[in-house]
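Beneath this line is the structure, given in structure tokens, with notes to follow.
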Amino acid sequence: MRRACARVDPAAPLVHHASAPPARSRPIVDPPAPVIALRGAGRTYGQTVALHPTDLDFAPGATTVLIGPSGCGKSTLLRLIVGLVEPTAGDVRLFDTPVTRQTAPALRRRLGYVIQAGGLFPHLTAGANAALMARHLGWSRAKRAERLTELAEQVHLPAELLERFPGELSGGQRQRVALMRALMLDPEVVLLDEPLGALDPMIRADLQVELKEVFQRLKKTVVMVTHDLAEAAWFADRIVLLRAGRIVQAGTLDDLTQRPADDFVTTFVNAQRSLHLEAS
Ligand code: ADP
């Protein structure tokens, strides 16, 4: 791992005289090491290339949104990071550790993962779903309850709903519980695969505001998949646009609209604009 280092000032005297003020060396701080790093990481399924070999770094505390047409490799990229699929080329490093079958289970405890449908167990209450991993790790009942109360407040879920089963909650409430589960162990990284995709527009808009506020307050490194450019622009420090398993452009919405890497970027942006016009 790269560390912050101080450069020695060549003009500074090697021996300080008692009367002379100490010479100051100017600290040079390296950019922080990426939390997630793909190095030529790719994935094929037989003849299908889900993701071509890709290099991509994710800086601590930043929100990256992966976007692109259906089948372009967004979910595959996310699953490679989580260690749910193994790369067929290159490697993925999380917290400077290669993600392998052996390392993935321990690394996953430092990740929160939210999927579109929430992925809650229907036979467990919302609270039990959110606290599942903490229970597995041996947290006491009191510690679990305390953390659940804290998280319910953070994601604006009335605490009494924690007693309900997922089937007794609305889609938006279920996604709040899924988010609580992802945040339970206070992970450094949160990965979200179309977390708001199944929600109706009003609930979705509310959750967009709240989610962004939570991520900013907790200073998480966030990677989110969406197919909606407006949503991407709302959340992202950086938008990564994929097409057919390759990154076409990574940048801000301004970069994509004002400095498109190729015609596909413009076509994609314009198609999204007309989608929003149709929807409004
Ligand atoms: P996206 O999330 O952008 O819709 P995916 O990453 O799910 O795209 O899929 C990328 C490509 O890889 C698609 O062509 C998809 O059919 C293929 N793919 C993904 N997962 C599998 C799998 N388990 N088996 C076979 N093909 C897969």
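Taken together, the values in this text are just the output of simple stated rules run on the coordinates, not laboratory data. Source: prediction; values computed, not measured. Please note: Cβ atoms are built from the backbone with ideal geometry, for glycine as well, and neighbour counts cover all protein chains shown.
Before moving on, here are some points about what is shown:
- For the chain, the dipole from Cβ point charges (+1 on Lys and Arg, -1 on Asp and Glu) about the Cα centre works out to 980 debye, to the nearest 20.
- Ordering L80, N270, V214 by the projection of their Cα atoms onto the charge dipole of the chain, which places +1 on the Cβ of Lys and Arg and -1 on the Cβ of Asp and Glu, puts L80 at the extreme positive end.
- Extension reserve of the D91-D262 stretch, reckoned as 0.36 nm per residue once the Cα distance is removed: 58.8 nm
- Taking 16 Å as the cut-off, no amide N atom of the stretch 165-201 comes nearer than this to a point 7 Å along the Cα-to-beta-carbon line of S140.
- Full-extension gain in nm, A205 to D55, via 0.36 nm per residue minus C-alpha separation: 50.8 nm
- Residues whose amide H lies under 5 Å from that of D193, counting only those 5 or more places away or on a different chain, are V114, I115, Q116, V225; hydrogens are built 1.01 Å from N in the peptide plane.
- The stretch 114-186, dipole about Cα centre (Lys/Arg Cβ +1, Asp/Glu Cβ -1), debye to the nearest 20: 220 debye
- Dipole of the chain [Lys/Arg +1, Asp/Glu -1 at C-beta], most positive-end residue of M133, L199, A50: M133
- For T54, residues with placed amide H under 5 Å, excluding near neighbours: G40, A41, G42
- Beta bridges per DSSP, both residues in the chain: antiparallel share near 55 percent.
- Around the amide H of T252, modelled in the peptide plane, lie the amide H atoms of I239, all under 5 Å away and 5 or more residues distant in sequence or on another chain.
- For the stretch 214-233 versus the stretch 83-148, the gap between their alpha-carbon centres in whole angstrom: 19 Å
- Relative contact order %, the chain, counting alpha carbon pairs below 8 Å whose residues are six or more apart: 22 percent
- Whole-Hz Karplus values for the stretch 206-211 come out as 4, 5, 4, 5, 5, 4 Hz, taken residue by residue from phi with 6.51 cos²θ - 1.76 cosθ + 1.60 and θ = phi - 60°; glycine and proline positions read x.
- Rounded to whole Hz, the Karplus (6.51, -1.76, 1.60) HN-Hα couplings of the stretch 212-217, x for glycine and proline: 4, 5, 4, 5, 5, 5
- Cα pair distances exceeding 20 angstrom across the stretch 37-136, given as percent: 46 percent
- Taking all Cα-Cα distances within the chain, those exceeding 33 Å account for 31%.
- In sequence order, the stretch 156-161 has phi-based couplings of 6, 10, x, 4, 5, 6 Hz under the Karplus curve 6.51 cos²θ - 1.76 cosθ + 1.60, θ = phi - 60°, and Gly or Pro positions carry x.
- Residue separation of E153 and E168 scaled by 0.36 nm, minus their Cα-Cα distance, works out to 3.4 nm of gained length.
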